[in-house]
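Reviewing the structure listed below.
The values are calculated or read from the model by the stated rules, or taken from the named source; none is laboratory data. Nothing here was measured: the structure is a model prediction, and the numbers come from that model. Note that each Cβ is placed from the backbone with ideal geometry, even for glycine, and that neighbours are counted across all protein chains shown. For accessibility, only protein heavy atoms count, side chains too; no ligands or nucleic acids. Shrake-Rupley method; radii C 1.70, N 1.55, O 1.52, S 1.80 Å.
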Amino acid sequence: MENNVTIDDESNSSDASTSLLNILIDTGQQNNDTRSDESEFEYVLILIAKASIMGFIILCALFGNLLVIVSVMRHRKLRVITNYFVVSLALADMLVAIFAMTFNASVELSGKWLFGYFMCDVWNSLDVFFSTVSILHLCCISVDRYYAIVQPLDYPLIMTNLRLGTMLSVVWCSPTIMSFLPIFAGWYTTPEHLEFRKNSPDVCSFEVNKLYAVISSSISFWVPGIIMIAMYYKIYREADRQERILYRSKVAAALLNKHLQINGISAGLTSLPTVGQSSPEPVPDEPPITSSSKMKRERKAARTLGIIMSAFLACWLPFFLWYMITSLCDTCHSKSIVVAAVFWVGYFNSALNPLIYAYFNREFRAAFRKTLESCCEALGPVRDMRKIHRKQDLVHSNASSELHVNNQLRASEMTNVHIEACI
């Protein structure tokens, strides 16, 4: 009897332990499902945030640079040599948004390359090409500003239309040596990476050898960047010197004018006019005023373009530092989020330039406003028709209300007449 009780107790305990184990398993599965749901929700949120940021940068780069091109082409005041470089730079930034940003966004959002082996080489080539074109444009702009500020009298002889066309041709053609040629020939990377790419067509990574990393980064960024910094340093010193000279000349002119007034002589006259003699008109000082305003305009343009250059260096410097470190260090590896960040911070520069023009340059700001107003005039007929319909509705409503009031007045008058007749 005792043995039976013991056996029953053991069976009951084993059943209890089995049920407890099942409960724990079910609870663990529910926790895992909850965690998977939470991780999936976080993934969707991150994906939406990435898509929003990338789409915003792409749209800003497209429409902002298109606004720059249209404004310069439409307004004669902006058609100067420097702004032709700006238009060419805006075109390069638009092509960055179309061909480089869109492909990168597809990789970041889908997690894999969707366009095959050949298009991977095309994308890498266009990415290197347009980034090099952008910085070479800024290098040309810095040289142009240098001659405009330091040698203003010789500037029309130096910056001719022929030289402008030659510089733009070199800027657009020379980067092919560092982009399409070595990438399609396979010189940019190692044989192991080429074999990996053939076996993995859904992966498009840009891994370079050390020689290509040093040469390409030097030609695309470091050497032009040093030239730009040197040019703008000289421009700054020259602009500061001209500012001091202009200030001294204004002070000297003011003192001379005060001295002449104290001695009874008006500025610009050699003798006092006699009675009955009309005062001769003072000699106009148009050339000094014109040169002064031109100097101010040149300094403002140099300041704006200096800010553009600084923004470019600030946006692309993290990328090229990462590019050099990961290429020269065999054991250095970076996370995917770091790679995406350095790429898109560099891409953001293509959307930043039009904002700099609009904020720091009054002429560009006025041209942007006029261009947008002219674009909005296309919707003018629609607005006019809406206004006409609203006016007609208002007239009908006023007429109906007046008719209603008149009817009420007539009814009240008739009522008063009837009342008086009854009385």
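Legend: distances between Cα atoms for K77/K370; K210/K335; K112/K198; K50/K198; K112/K335; pairs beyond 22 Å are K50/K198. Calculate, for N161 and E42, the FRET efficiency according to 1/(1 + (r/R0)^6) with r their C-beta to C-beta distance and R0 60 Å; round to the nearest 0.05. The value I calculate is 0.55.
Note on L59 and A254: their simple-model spin labels are 5.1 nm apart, each label 7 Å out from Cα toward Cβ. Figure note: I356, I307, I325 ranked by solvent-accessible area, largest first, 1.4 Å probe, ligands and nucleic acids not counted: I325, I307, I356.
Annotation: V170 carries an accessible surface of approximately 80 Å², with a 1.4 Å probe and no ligand, DNA or RNA atoms counted.
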